[in-house]
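Read-outs throughout are calculated quantities, based only on the coordinates presented, and are distinct from any laboratory measurement. Bear in mind that the values here come from a model prediction, so they are computed numbers and not experimental data. Every residue, glycine as well, gets a Cβ built from its backbone with ideal geometry; the counts of neighbours run over all protein chains shown.
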Amino acid sequence: MPGLKQSEELRPGGVVIRTEEDRLRTGGWRTGLKPEVELAKCVDCLLCWLYCPDSAIVLEGTHFTGFDLDVCKGCELCSVVCPTGAIEMVAE
Amino acid sequence: MTRRLLLTGGEAVAHAMRQIDPDVVPVYPITPQTPIIQVFAKLVANGNAHTEIVNVESEHSAMSAAIGAALAGARTITATSSQGLALMAEVVYIAASMRAPIVMAVGNRALSGPINIHCDHSDSMLIRDSGVIQLFVENAQEAYDAMLLAPRLAERDDVLLPVLVCQDGFTITHSAEPVELLDDETVIRFVGDYSIPFPLLDTAHPTTQGPFAMPDYYYELRHQQDIAMEHALPAIDELGAELAHVTNRPFGALDPYRLGGAHTAVVCLGSTAGTVKDAVDEHDGVGLLRICSFRPFPEHALRELLAGVDEVIVLDRAASPGSRGPLFTEVAAALYGSGAAIRGHVYGLGGRELHLDGVHEVIDGTAGRYIGLRSARCLA
């Protein structure tokens, strides 16, 4: 398997340091729907950030600004937990 | 100043723990390990150690908490026996793969069933292939010594594996003998500070630990444990020599006794070596090779020490139904092609005693493959 590391080159236990690794783009797992936000309705409760299993909720401090679709798998959890109906799933 | 106290193996380990003063001890009681945590908890309650004892609800949780604590950056010790180790087994593999330098005291006890509380080595053998280091001690004094060596061995940058200090249940855990304790300062100096390369609580340098590994990396990560074991083997003797410098007691992966010029050698683990030493004293040309480090297995050193021996007798305190005892298969593999005749015997399951007479019969060649078993097949 070319390009892969030798056993001796791996950190003990396979410890990963994020800044040194290529970012995995798991957004390709979505099957046709992506989340969309109407920011006027957002109250910055950050429930979506809390529930998102994939770091796809982008914040500036404690202010919700949008989605990182490179890692959003389209699980729809954010749209379900949003208390103000600001997030909706829409066709890609 | 060293002190001599009348202590059981369990108490000796608890005193070693007090002197090491680990940060975290997640533990669940089980016979015959219980005296270890019982005595240690008393020492902590009296302010003699400053450890956070986590009273978990099972051994599965104990080892899970131990992994979290050890990887967070806390020196961590736990203890268990038999069914506890069996319940823990799933997480023991994970501790080894995450390279968590946890120290664990084991009071070896037969696995159910039938349910039993007495000594054999079936619990340790259950996790033989888990990637943990297993040191089998001969008596309470060596249990104390091994506990002091264990953190140093576990925490070496080139090892980073859990270390199990295995003592025979009841025979060592509950039997009192004079044990010499080092003074606290000597222990503190010998053990040193806890340090691991990637502590989870180093939040300035965040890491992912225990990542998923697919076919492209699982094999390489599992092999890391093999490499760590290779480093651990000479480290046991190096640290043993350093420890002997302050204890005046030898400690090493192997303990040869009267092997010089011997034509026959008995090989065994644990407290049985005491009985075998008395027995071989009465036989010319018969010696003993006690194996302290079962994992890593000192294959080459064992082959060298037994090079001049015509016959090797392996005593297994664990059975592998459908095959031969685990120690026998190890020794036979190590001696393959050496020309020595190798005999294997199983003994002492579920705490069945092996007395001097039994060892004499083994050496004389009149014992069956299953020593002390009431069965028509015991002479087979």
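If each DSSP helix of 4+ residues adds -39,500 (n - 2.57) and the sum is divided by the residues in the protein assembly as shown, what number results at 222 nm, nearest 500 deg cm²/dmol? So the helix-based figure for the protein assembly as shown works out to -10000 deg cm²/dmol. Charged neighbours of B:A79, selected by a Cβ distance under 14 Å, balance to -1 (K, R count +1; D, E count -1).
From other protein chains only, count the Cβ atoms within 10 Å of every residue's Cβ in B:215-223, then give the mean.
Mean partner shielding for this stretch: 4.
Here is the list for region B:146-247: chymotrypsin sites (Phe, Trp or Tyr not before Pro) lying in DSSP coil, each with at most 10 other C-beta atoms within 10 angstrom of its C-beta, are B:F212. Neighbours of B:P26, meaning other residues whose beta-carbon lies under 12 angstrom from its beta-carbon, give a summed charge of -4 when Lys and Arg score +1 and Asp and Glu score -1. Ranked by the mean number of other Cβ atoms within 10 Å per residue, highest first, peptides B:55-66, B:269-280 order as B:269-280, B:55-66.
The relative contact order of chain A comes to 35 percent, based on Cα pairs under 8 Å that sit 6 or more residues apart. Over the alpha-carbon set of the protein assembly as shown, divide Rg by the Kirkwood Rh and report the Rg/Rh ratio to two decimals. When Rh is taken as the Kirkwood radius, the ratio is 1.08.
With contacts defined as alpha carbon pairs under 8 Å and 6 or more residues apart, what's the relative contact order of region B:309-379 in percent?
Details: 92 pairs, mean separation 21.5, N = 71.
Over region B:309-379, the number comes to 30 percent.
In plain terms, the chain from B:T2 to B:S323 could stretch by 110.9 nm, reckoned as 0.36 nm per residue minus the Cα-Cα distance. Using C-alpha pairs under 8 Å with a sequence gap of at least 6, the mean separation divided by the residue count of region B:254-379 gives a relative contact order of 24 percent. Out of all DSSP beta bridges in the protein assembly as shown, what portion is antiparallel? Express it as a percent rounded to 5. Counting only bridges with both partners in the protein assembly as shown, antiparallel ones make up about 40 percent. Near the amide H of B:A79, within less than 5 Å, lie the amide hydrogens of B:Y28, B:A105, all on another chain or at least 5 residues away, with H placed in the peptide plane. With Rh defined as the Kirkwood radius, the inverse of the mean 1/r over Cα pairs, the Rg/Rh of region A:24-91 is 0.93. The value given for region B:3-247 is a Kirkwood hydrodynamic radius of 17.8 Å, derived from the mean inverse Cα-Cα separation. Highest average first, the peptides B:32-42, B:173-183, B:157-167, B:8-18 ordered by how many other beta carbon atoms sit within 10 Å of their residues are B:8-18, B:157-167, B:32-42, B:173-183. Ordered from longest to shortest, the equivalent ellipsoid semi-axes for region B:254-379 are 21, 17, 14 Å, each the square root of 5 times a Cα gyration tensor eigenvalue. Per residue of peptide B:203-211, the mean number of Cβ atoms on other chains within 10 Å of the residue Cβ is 4. Less than 5 angstrom separates the built amide H of B:V314 from those of B:V267, B:R343, B:G344, B:H345, all sequence-distant by 5 or more or on a different chain.
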